[in-house]
Amino acid sequence: MKILVTQLARLGDIYMTWPVLRAVRRTYPDAEIHLLTRPRFEGAVEGLKIIDRHWSLSSSTILSPLVQAEADIDTSLARLDHFVSELSEQNFDWIINLTFSPVSSYLTHAISGLHTRVSGYSRYNDGTLCLSDEVSGYFYSQVGTNKANRVHLSDIFASMLELEYVESDWAAPEIQECAFALPERYIIIHVGASEAHKSLTPKQWIQVLQTLGQRGQSIPIVLIGAPNESVLSQEIIKGLTGSHVVDLVGKTKVSDLFAILQKADLLVGCDSAPIHMASLTDTPTLNISVGNVNFWETGPKASLGFIYRAETAASLNGPELGAVLADLLDGNITDGLIVRSAGLVSYQKSETASERFQWDLVQALYLGGNYPVADRIEIIQGAYQLQEINTFAMEQIKTVPTKGLELIGPLLDRAEEVIQNISQWVPELSPLISWYQAEKIRIGPGSLEEICTAALNVHERMARHLQPYIPHEATTENGVGDGTL
């Protein structure tokens with residue numbers, strides 16, 4: 001069997017892919033496994049010895065003819081065609097697309113053969129999105145910022161491939177001796193982040209480390225980061241007195257970090273690749289999660305993983321974070337800190353009633369769990385309106401064969417708009433509406449009769465999911481019952 005795994009995202013995403021790649025190798029020991037990444041992030045492949053061939057998609061090489069004085073579309077298309085042809089000639093038996101992006105879906109379709117098994121996003125022959133399996137449908141509808149998902153991406157990857165992890169899947173690579181002279185004990189501070197708006201300022205880092213010193217913590221500090229972050233480390237060091245600081249910012253290769261992480265007491269950093277590398281060395285980690293991030297999906301997987309949340313970098317309180325860090329080093333967990341947990345849900349965190357309702361509804365939709373009890377009349381009202389528009393849509397779909405799509409299509413489009421508006425009005429119902437939208441996409445191309453039959457099936461399932469929230473008694477004048485289930 002020849003398998004291609006596609007991961008075109010960043011360094012951290014590639015490291016989150018390591019465990020599932022190892023699980024694939026363990027499950028299919030005789031398979032020929034290929035990995036496709038982007039050249040900019042290929043450093044994250046170093047040390048991953050279970051793949052047979054590594055491919056690089058150089059988008060800059062393909063697109064460079066388009067950004068010169070006179071755009072050369074033909075050359076750009078020829079380069080893309082050559083790359084696609086090279087991959088197609090491999091005749092992969094199974095393509096696993098872990099990127100879940102529009103570009104990767106087109107590429108997956110382009111290199112798939114007639115009998116290729118595909119997991120993850122692809123495209124139908126008419127160019128529409130193909131959610132090739134149930135987990136892809138789940139990813140499309142429930143994963144991402146401002147969504148209800150509580151499952152880590154690495155676990156979603158394994159679920160899509162019907163694999164279970166073992167401890168060795170999460171092992172660090174063979175680690176060379178550390179190339180730097182480091183103290184016997186130390187903590188690591190990653191001064192940057194995957195995106196600038198998610199990182200702390202030098203002033204905030206200084207406040208954190210000063211508070212640490214004031215709490216009597218004199219453990220040495222090792223600063224790490226990319227070359228373009230060296231100005232941050234220099235400012236941090238200038239603002240500190242009496243601290244033992246080792247500045248390695250801009251001085252390490254990606255592969256050097258494993259040896260540094262393995263011996264550290266703790267890694268502290270914002271969302272970035274070292275957080276996911278520390279999951280492989282099982283280094284205790286304090287992830288500073290800033291901004292619009294779904295930490296459930298991308299937080300640290302180390303056994304002792306903690307998350308400190310801040311809505312924005314500007315709102316982050318440096319002294320408070322320093323106190324949280326000092327408590328951790330003393331063996332205490334500050335109230336409000338998000339803690340790594342075992343099982344389906346990645347972390348333990350206090351949630352609002354609305355957040356809890358949404359996650360419970362996700363489990364009812366996908367895992368057969370109990371439907372959560374509505375604690376707001378607006379949920380009942382929203383469900384009733386969904387039932388009405390869902391019934392209307394079913395009635396219209398049944399008339400398509402006789403009245404035609406030109407007449408009925410605009411009515412169905414309007415129904416979709418109303419359904420989307422309900423999602424905004426009653427956020428508790430958004431997981432159900434997202435599920436519905438993904439299931440409609442999964443119908444795919446076909447004859448008019450086939451599409452109508454499949455669409456009716458989706459609406460019928462929607463009606464069953466709504467049933468627990470539809471009052472049994474007669475409705476009032478405004479179309480809503482008394483709110484009882």
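Pairs, please: C-beta under 6 Å, at least 6 apart or cross-chain, first residue polar (S, T, N, Q) and in the range 1-26, second in a strand (DSSP E or B)?
Partner pairs satisfying both residue conditions: Thr6/Leu36; Thr6/Asn97; Gln7/Thr37.
Among the listed residues Thr475, Thr453, which satisfies the condition of being over 20 Å from Gly144 (Cα atoms) and at pLDDT below 95?
Thr475
Just need a number here: residues in the range 111-135 that are touching a residue at least 24 places away in the same chain (Cβ under 8 Å) and either small (Gly, Ala, Ser) or more than 24 Å from Val362 (Cβ to Cβ) (or both).
Residues flagged as touching a residue at least 24 places away in the same chain (Cβ under 8 Å) and either small (Gly, Ala, Ser) or more than 24 Å from Val362 (Cβ to Cβ) (or both) within the range 111-135 amount to 12.
Name, by its number, the condition in (1) at pLDDT 95 or above; (2) aliphatic (A, V, I, L, M); (3) closer than 20 Å to Tyr124 by Cβ that does not hold for Ala463.
With (1) at pLDDT 95 or above; (2) aliphatic (A, V, I, L, M); (3) closer than 20 Å to Tyr124 by Cβ applied to Ala463, the lone miss is (3).
Within the set of pairs 6+ apart or on separate chains, which have a first residue in the range 47-62 that is touching a residue at least 40 places away in the same chain (Cβ under 8 Å), a second that is exposed (fewer than 13 other Cβ atoms within 10 Å of the Cβ) and not in a loop (DSSP other than H, G, I, E, B), and C-beta atoms under 6 Å apart?
Filtered contacts from the range 47-62: no entries.
Just one of the numbered conditions (1) touching a residue at least 24 places away in the same chain (Cβ under 8 Å); (2) under 29 Å from Asp13 (Cα atoms); (3) of a type outside the set (Asp, Glu) is not true of Gly382; which one?
Checking Gly382 against (1) touching a residue at least 24 places away in the same chain (Cβ under 8 Å); (2) under 29 Å from Asp13 (Cα atoms); (3) of a type outside the set (Asp, Glu), the one that fails is (2).
Please determine, by comparing only the residues of the range 152-169 that are over 18 Å from Ser132 (Cα atoms) and hydroxyl-bearing (Ser, Thr, Tyr), which one is farthest from the chain's Cα centre (by Cα).
Top of the filtered list is Ser168.
Test Gln176 against the criterion of being out of contact with any Pro (no Cβ under 8 Å at 6 or more places or on another chain) and over 21 Å from Gly47 (Cα atoms), and give yes or no.
Judged against the criteria, Gln176 is not a match.
Give me the pairs: first residue in the range 199-210 and within 19 Å of Leu328 (Cα to Cα), second residue among the polar types (S, T, N, Q), beta-carbon distance under 7 Å, and six or more apart or on different chains, which are they?
Listed by first residue and then by second, the contacts come to Leu209/Ser243.
Quick one: would you say Glu195 is in the same structural domain as Leu266 (by TED's automatic domain parsing), surrounded by fewer than 17 Cβ atoms within 10 Å (Cβ to Cβ) and within 23 Å of the chain's Cα centre (by Cα)?
yes
Given the criteria at pLDDT 95 or above and crowded, with 21+ Cβ neighbours inside 10 Å, does Leu163 qualify?
Spelling it out, it is not the case that Leu163 is at pLDDT 95 or above and crowded, with 21+ Cβ neighbours inside 10 Å.
Does the range 373-400 hold any residues that are over 13 Å from Met462 (Cβ atoms) and either outside any helix (DSSP H, G or I) or more than 33 Å from the chain's Cα centre (by Cα) (or both), and which are they?
Val373, Ala374, Asp375, Arg376, Glu395, Gln396, Lys398, Thr399, Val400
For the range 232-245: of the residues being free of Cβ contacts under 8 Å to residues at least 40 places away in the same chain and small (Gly, Ala, Ser), which is nearest to Gln176 (Cα to Cα)?
Ranking the qualifying residues of the range 232-245, first place goes to Ser243.
Please work out which residue is farthest from Gln217 (Cα to Cα), limiting yourself to the range 304-330 and to residues that are small (Gly, Ala, Ser) and at pLDDT 95 or above.
Per the stated criteria, the residue is Gly305.
Would you check which residues across the range 181-211 are assigned to a loop (DSSP other than H, G, I, E, B) and of a type in the set (Gly, Ala, Ser) and list them?
Across the range 181-211, the qualifying residues are Ala181, Gly192, Ala193, Ser194, Ser199.
Quick grid of which residues meet (1) of a type outside the set (S, T, N, Q); (2) in contact with a Ser or Thr (Cβ under 9 Å, 6 or more places away or on another chain); (3) in contact (Cβ under 8 Å) with a residue 40 or more places away in the chain:
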residue	(1), (2), (3)
Val222	yes, no, yes
Pro227	yes, no, no
Ser230	no, no, no
Asp247	yes, yes, no
Lys263	yes, yes, yes
Asp271	yes, yes, yes
Ile288	yes, yes, yes
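Please tell me if Leu280 is surrounded by 21 or more Cβ atoms within 10 Å (Cβ to Cβ) and assigned to a helix (DSSP H, G or I).
The answer is yes for Leu280.
Has the range 418-433 got at least one residue that is over 22 Å from Gln358 (Cα atoms) and at pLDDT 95 or above?
no
The values are calculated or read from the model by the stated rules, or taken from the named source; none is laboratory data. Just so you know, these numbers come straight off a predicted model, no measurement behind them. Backbone-built Cβ (ideal geometry, glycine too); neighbour counts: all protein chains shown.
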